Amino acid sequence: MLNILFLGEIVGRPGIQALKNGLGLIKNKYAVDYTIANVEGMTNGFGIGRAHSAQLEKLGVDLATGGEKLFYKIDMVEYLPKAQYILRGYNYPQKCPGRGYKIVTLNDRKFLIANLVGNADMKASIQNAFLSAESLLKKKEEEDLLLIVQFHASTTAEKNTMFHMLDGKAVAVIGTHTKVISADAHVSEKGTAYISDNGRVGSFLSVGGFDSQTEIRKFLTALPLRSKECWDEGIIEGVVVKIDEKEGKSVEIIPILEKVGIKCPGGKEN
């Protein structure tokens, strides 16, 4: 039996500090074998810089994914092809730097772990995520792999549609992007674990990890104010998926909502 931890989006320095303070305890508590995280908000909430990406292994993350914000930091454009532990969207153009899937061996079983980005309400010019999923299924069958898909998409409708398409064909379909953990975690009768969104790592009392007063002012004034990191009440959200790798099915999905102490540099601990 394998326990894979899917962490919600890491948001800024509060998210990094939350991982430093709490991830080890969570991994021990749930006997985690492998950890996957969404990291596209790791650097100040917008993208991930090369320096922060280099911290991932030390923080305890085995594989990272990103969506439409992955290339917001220009140094990642050149660095991503070298960073085999970070996945861009598989349905990005072939000439886009980086890769969209990775094959890893866990307990002598090969897994095809892929990252797809949704088409609804996304600004990126990318290929159809569902046609790309068909390509992944073909590779899965040809090489006898167990498929895991992290689906970075805006709408629950698109994520649910992807789940139904991959039900019984993937062992897990994990949604990311909205940074709010959803209440629909379940394992289907066919053995596919699913959740529409696995939340965030950072501040709980915030707007997606950002300072609420700044976000309120943006709505009241329509000004393009820059969002600010929030340090109020640290949290690690995500899910642990228990996989029977011999049967090729998931047997359980456990939502994770763990409060952890974080402290703003020069401020008090929250």
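Evaluate the distance, in nm, between pseudo-label points positioned 7 Å from the Cα of K20 and of T156 along their respective Cα→Cβ axes.
3.6 nm
Could you tell me which trypsin sites (Lys or Arg not before Pro) in segment 40-100 are loop residues by DSSP with no more than 13 other beta carbons within 10 angstrom of their beta carbon?
Values: sites: R50, K58, K69, K73, K82, R88, K95, R99; in loops: K69, K73, R88, K95, R99.
Qualifying residues, ordered by number: K95.
Report the residue, chosen from A183, A170, A114, that carries the largest GNM mean-square fluctuation when the chain is represented by alpha-carbon nodes joined by springs under 10 Å.
Comparing A183, A170, A114 in the GNM, the peak value goes to A183.
Compute the helix-to-body angle for 12-29: its Cα long axis versus the longest principal axis of the chain, expressed 0 to 90° and rounded to tens.
Helix 12-29 sits roughly 50 degrees off the main axis of the chain.
Tally Lys and Arg at +1 and Asp and Glu at -1 over the other residues with C-beta under 13 Å from the C-beta of I174: what net charge comes out? Kindly include the intermediate steps, with their values, before the conclusion.
On the way: positive: K159; negative: E9, D184, D197, E237.
Neighbour charge sum, excluding I174 itself: -3.
Kindly put K263, K249 in sequence by how many other C-beta atoms sit within 10 Å of each C-beta, fewest to most. Walk me through the numbers before you get to the answer.
Working: K263 14, K249 18.
Lowest to highest Cβ neighbour count: K263, K249.
Taking Rg/Rh (Cα atoms, Kirkwood Rh) as the quantity of interest, determine which of (1) 0.95; (2) 1.09; (3) 1.04 was computed from the displayed structure.
Recomputing Rg/Rh (Cα atoms, Kirkwood Rh) here gives the entry labelled (1).
Could you calculate the contour length gain from E57 to E189, that is, 0.36 nm times the residue separation minus the distance between their Cα atoms, to one decimal place in nm?
44.1 nm
Pairs K20/K69; K102/K259; K102/K138; K82/K169: which exceed 27 Å Cα-Cα? Before the final figure, lay out each step's value.
Numbers: K20/K69 23 Å; K102/K259 31 Å; K102/K138 15 Å; K82/K169 30 Å.
Those over the limit are K102/K259; K82/K169.
If I model a spin label at K259 and S182 as a point 7 Å from the Cα along the Cα→Cβ vector, what separation in nanometres do I get?
Label at K259, label at S182, 2.7 nm between them.
Expressed in nm to one decimal, what extension gain is obtained for the pair Y85 and D167 from 0.36 nm per residue of sequence separation less their Cα-Cα distance? Can you show the working numbers first?
On the way: separation 82, 0.36 × 82 = 29.52 nm, distance 2.63 nm.
Result: 26.9 nm gained on full extension.
How far apart, in nanometres, would the label points at E252 and L205 be if each is projected 7 angstrom from Cα along the Cα-to-Cβ direction?
3.3 nm
With r defined as the distance between the Cβ atoms of A222 and I74 and R0 fixed at 22 Å, what FRET efficiency is calculated, to the nearest 0.05?
Using R0 = 22 Å, I get an efficiency of 0.20.
Given that compact globular proteins tend to follow 2.2 N^0.38 Å, what is the ratio of the alpha-carbon Rg of segment 1-101 to that value?
Relative to the 2.2 N^0.38 Å estimate, segment 1-101 comes out at 1.05.
May I ask you to compute the full-extension gain from D121 to R109, defined as 0.36 nm times their residue separation minus their alpha-carbon distance, rounded to one decimal in nm?
On the way: separation 12, 0.36 × 12 = 4.32 nm, distance 3.61 nm.
Length gained between D121 and R109: 0.7 nm.
Tell me the angle of helix 212-221 to the major Cα principal axis of the chain, expressed in degrees between 0 and 90 and rounded to the nearest ten.
80 degrees
Does anything in segment 133-156 have its amide N under 12 Å from the 7 Å Cα→Cβ label point of Q94, and if so which residues?
Within reach of a label on Q94: no residues.
Using Cα atoms only, what is the angle between the long axis of helix 129-143 and the major principal axis of the chain, expressed in degrees (0 to 90) to the nearest 10?
The angle comes out near 50 degrees.
Give me I236, I254 ranked fewest to most by other Cβ atoms within 10 Å of their Cβ, as a rough exposure proxy. Don't skip to the answer; put the middle values down first.
Numbers: I236 26, I254 14.
Ranking I236, I254 by Cβ neighbours within 10 Å, fewest first, gives I254, I236.
Add -39500 (n - 2.57) for each DSSP H run of 4 or more in the chain, then divide by its residues: what number comes out at 222 nm, to the nearest 500 deg cm²/dmol? Kindly include the intermediate steps, with their values, before the conclusion.
Working: 7 runs with 67 residues, N = 270.
So the calculated ellipticity at 222 nm is -7000 deg cm²/dmol.
A short reminder: the numbers here are calculations on the coordinates, not readings from a lab. Keep in mind it's a predicted model, so treat the numbers as computed, not measured. Cβ coordinates were reconstructed from backbone atoms using ideal geometry, including for glycine residues, and neighbour counts include every protein chain displayed.
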